[in-house]
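Report on the following structure.
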Amino acid sequence: MKRILAAALSVTAAALLTSPAGAQSFPTRTVKLAVPFPAGGGTDLLARLIAEELGKKWGRSVIVENLSGAASGNVGSAEVARAAPDGYTLLLSPPGPITLNKLLYKTMPFDSSRWVPISVVASVPYVLAVRKNLGVASVKELIAKAKADPGKITYASPGVGTVGHLGAKQFEMLAGIQMTTVPYKGLAPALKDIVGGHVDLIFDTATTSLPMHTNKQVDIIALCSPDRWPNLPDVPTIAESGLPGFRAVTWFAIVAPPGTPAAIADRISADVAAVVKDPEVAKSVRTKLRMDPIGSSAADAAKLFRDDSELWSKVIKAANISLD
């Protein structure tokens, strides 16, 4: 009799969870927002801001848990993928564990195609930054210089499979040029050599390159986003500079474990969007984190995931890039 009663209660709880009415009462306990990287980075800082604001909105604790263990983010993400699909464990991550890693690794500890999209919280455009005195002031001039002497132009790669690395490969493909890769173990040493004039260019986030551009340490000659960026209104995009379709943007999204009910996912998505679009929160994202606040719907997040997978899959296959 106890087993029958327990089973009946379990079925009833599941029905309540998946129903719109049940979703309206969510959450009734602490929610965990997992970040698959160490504390202190941009992803972690964004997660803590969102967790604090969601906690205020829900009247429940939302804690950030750093589940680091691999540079790819796969270890911590796998733990979230195995969590109960009830909305109480979520992942906030850049593209790697959500769309990119499955294209770079032959084997994955989880099926990233099964994530339940919640919201794209924020994004950061990449920029094309060149060393001072390279002698080019536009994408067209850079392409002409590269075609005149194939392989002479060098670009810093902060890591195989990063958006910066893939952006450079996409640029080569669309421009029909050949550059020489200079690999680095991380962004800091790569930027140091760009500023020092030892390497010609880098595809880097606007967050880190803008201060160096402002201080006249590097020249940002183009944006990698589809549209111009308010912080650099006079800098054209690569797409409008002769390479239509070029795009290299990093983003930070929240996803839920596979099997999370649509009613719960939609409720969380709406609340995340409301939080991100609050004027004061949006201002903090822009000024403190140097990111562009988005707060997308679950449907728009799913579309971005598909578009990104399609874009980078072509680049990775054409360039024969693998991390295995």
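The values are calculated or read from the model by the stated rules, or taken from the named source; none is laboratory data. Only a predicted model underlies this, so the values are computations on that prediction, with no experimental measurement involved. All Cβ positions, even for glycine, are placed from backbone atoms using ideal geometry, and neighbour counts span all protein chains on display.
From the list Ser225, Ser309, which residue is crowded, with 16+ Cβ neighbours inside 10 Å, more than 30 Å from Gln24 (Cβ to Cβ), at pLDDT 95 or above and in the same structural domain as Asp204 (by TED's automatic domain parsing)?
Ser225
Under 6 Å between Cβ atoms, which residue pairs at least 6 apart in sequence (or on different chains) link something in the stretch 265-284 that is under 19 Å from Lys32 (Cα atoms) with a partner that is in a helix (DSSP H, G or I) and of a type in the set (Asp, Glu)?
Listed pairs, sorted by first residue: Val275/Glu53.
Output yes when any residue across the stretch 228-250 is aliphatic (A, V, I, L, M), over 30 Å from Ile194 (Cα atoms) and free of Cβ contacts under 8 Å to residues at least 40 places away in the same chain, and no when none is.
Checked the stretch 228-250: no residue is aliphatic (A, V, I, L, M), over 30 Å from Ile194 (Cα atoms) and free of Cβ contacts under 8 Å to residues at least 40 places away in the same chain.
Name the residue that is modelled with the highest pLDDT, counting only residues in the stretch 143-161 that are crowded, with 20+ Cβ neighbours inside 10 Å and assigned to a loop (DSSP other than H, G, I, E, B).
Ile153
Determine, yes or no, whether Lys288 is out of contact with any Pro (no Cβ under 7 Å at 6 or more places or on another chain), in the same structural domain as Ile50 (by TED's automatic domain parsing), farther than 28 Å from Ala47 by Cβ and of a type outside the set (Gly, Ala, Ser).
Judged against the criteria, Lys288 is not a match.
Filter the strands (runs of 3 or more DSSP E) completely within the stretch 191-274 down to those with at least 2 residues that are over 17 Å from the mean Cα position of the chain (by Cα).
Correct list: 201-205, 218-223.
I'm told Gly196 meets every condition in (1) at pLDDT 95 or above; (2) small (Gly, Ala, Ser); (3) closer than 23 Å to Ile316 by Cα except one. Can you identify the failing condition by its number?
Condition (3) is where Gly196 drops out.
Would you tally the residues in the stretch 277-293 being within 21 Å of Thr207 (Cα to Cα) and part of a loop (DSSP other than H, G, I, E, B)?
5
Within the stretch 129-142, can one find any residue that is assigned to a helix (DSSP H, G or I) and not hydrophobic (A, V, I, L, M, F, W, C)?
Scanning the stretch 129-142, I find at least one residue that is assigned to a helix (DSSP H, G or I) and not hydrophobic (A, V, I, L, M, F, W, C), so the answer is yes.
Given the options Pro97, Pro117, name the one that is part of a strand (DSSP E or B) and buried (at least 22 other Cβ atoms within 10 Å of the Cβ).
Pro117
Run down Lys317, Lys303 and say which single residue is assigned to a helix (DSSP H, G or I), more than 22 Å from Pro117 (Cβ to Cβ) and at pLDDT 95 or above.
Answer to the selection: Lys317.
Is there a residue in the stretch 22-30 that is in contact (Cβ under 8 Å) with a residue 12 or more places away in the chain, of a type in the set (A, V, I, L, M) and assigned by TED's automatic domain parsing to the domain that holds Trp115?
No, because not a single residue in the stretch 22-30 is in contact (Cβ under 8 Å) with a residue 12 or more places away in the chain, of a type in the set (A, V, I, L, M) and assigned by TED's automatic domain parsing to the domain that holds Trp115.
Which one of Leu33, Leu49 is part of a helix (DSSP H, G or I) and assigned by TED's automatic domain parsing to the domain that holds Lys277?
Checking each option against the conditions leaves just Leu49.
Out of (1) under 17 Å from the mean Cα position of the chain (by Cα); (2) assigned by TED's automatic domain parsing to the domain that holds Leu166; (3) not hydrophobic (A, V, I, L, M, F, W, C), what's the single condition that is false for Lys303?
(2)
Consider Val62 carefully, then state whether it is out of contact with any Pro (no Cβ under 6 Å at 6 or more places or on another chain), in the same structural domain as Gly197 (by TED's automatic domain parsing) and modelled with pLDDT of 95 or more.
No; evaluated as a whole, the condition is false for this residue.
For Ser296, indicate whether it is hydroxyl-bearing (Ser, Thr, Tyr), modelled with pLDDT of 95 or more and assigned to a helix (DSSP H, G or I).
So Ser296 does not fit the description; no.
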